[in-house]
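The values are calculated or read from the model by the stated rules, or taken from the named source; none is laboratory data. Computed from a predicted model, the values in this text were never measured in an experiment. Quick reminder, even Gly has a Cβ in these numbers, built from the backbone with ideal geometry, and neighbours come from all protein chains shown.
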C-alpha cells in the first residue's frame with residue numbers, strides 16, 4: 001500500500017494510558033507530510049526538466065550497419081534472386097496486360113450488345129410510330145368521309161323541309 005500525505009494527515013491513533021504524547025506524534029506526522037510534499041514537488045520538477053531536455057536534444061542517428069562481406073557465393077545467390085525478381089516482374093506485367101485486355105474485350109462486348117439492343121428498340125419504336133401515323137391517316141380519311149356523308153345527308157334533308 002502506498003502511503004499518501006492525505007492518509008498521514010487523517011490518521012487517528014488510539015489514546016491509551018501510558019501512550020505517546022499526542023501533540024508530539026502530530027508534530028512528527030506533520031513534518032513527514034511536509035517532507036513528502038517537498039519531495040513530490042522536486043520529483044515533478046525533475047521530470048519536467050528531463051522531458052524538456054529530451055525534447056530539445058535530437059535523437060541520435062542510428063549507427064550504420066556494417067556492410068556485409070560479399071563472397072562469390074553470396075554474389076551468385078544475389079544474382080539468382082535478382083534474375084528471379086526480374087522474371088516475376090515480367091510475368092506479373094504480362095498477366096496484368098492480359099487481364100486488362102480481357103476486361104476491355106468484355107466491356108466492348110457488353111457495349112456492343114447494349115448498342116444492338118438499343119438499335120432494335122429504336123427500330124421497333126420507329127415501326128410503331130409509322131403504324132400509328134398510318135392508322136391516324138386512315139382514321140382521318142374515314143372520319144372525313146363520314147363527315148362528308150353526314151353533310152350530304154343534312155343537305156338532302158334540308159331540301160325536304
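Tally the residues that are at pLDDT 80 or above, over 52 Å from the mean Cα position of the chain (by Cα) and exposed (fewer than 11 other Cβ atoms within 10 Å of the Cβ), restricting the search to the range 1-21.
Summing the residues that are at pLDDT 80 or above, over 52 Å from the mean Cα position of the chain (by Cα) and exposed (fewer than 11 other Cβ atoms within 10 Å of the Cβ) in the range 1-21 gives 1.
Give the residue, chosen from 42, 86, that is free of Cβ contacts under 8 Å to residues at least 12 places away in the same chain, within 38 Å of the chain's Cα centre (by Cα), surrounded by 10 or more Cβ atoms within 10 Å (Cβ to Cβ) and not in a loop (DSSP other than H, G, I, E, B). Let's see the steps before the verdict.
On the way: 42 fails: within 38 Å of the chain's Cα centre (by Cα).
Checking each option against the conditions leaves just 86.
Could you figure out which of (1) surrounded by 10 or more Cβ atoms within 10 Å (Cβ to Cβ); (2) at pLDDT below 95 isn't true of residue 128?
(2)
Any idea which residue in the range 5-24 is nearest to residue 37 (Cα to Cα), counting only those that are in a loop (DSSP other than H, G, I, E, B) and touching a helix residue (DSSP H, G or I) at 6+ places or on another chain (Cβ under 8 Å)? If you could, list the steps in order and put the result at the bottom.
Keep residues of the range 5-24 that are in a loop (DSSP other than H, G, I, E, B), which gives 11-21.
Imposing the further condition that a residue be touching a helix residue (DSSP H, G or I) at 6+ places or on another chain (Cβ under 8 Å) reduces the set to 11, 13, 15.
Values: 11: 17, 13: 22, 15: 28 Å.
So the residue we want is 11.
Please tell me if residue 63 is outside any loop (DSSP other than H, G, I, E, B) and free of Cβ contacts under 8 Å to residues at least 24 places away in the same chain.
Taking the combined requirement at face value, the residue does not satisfy it.
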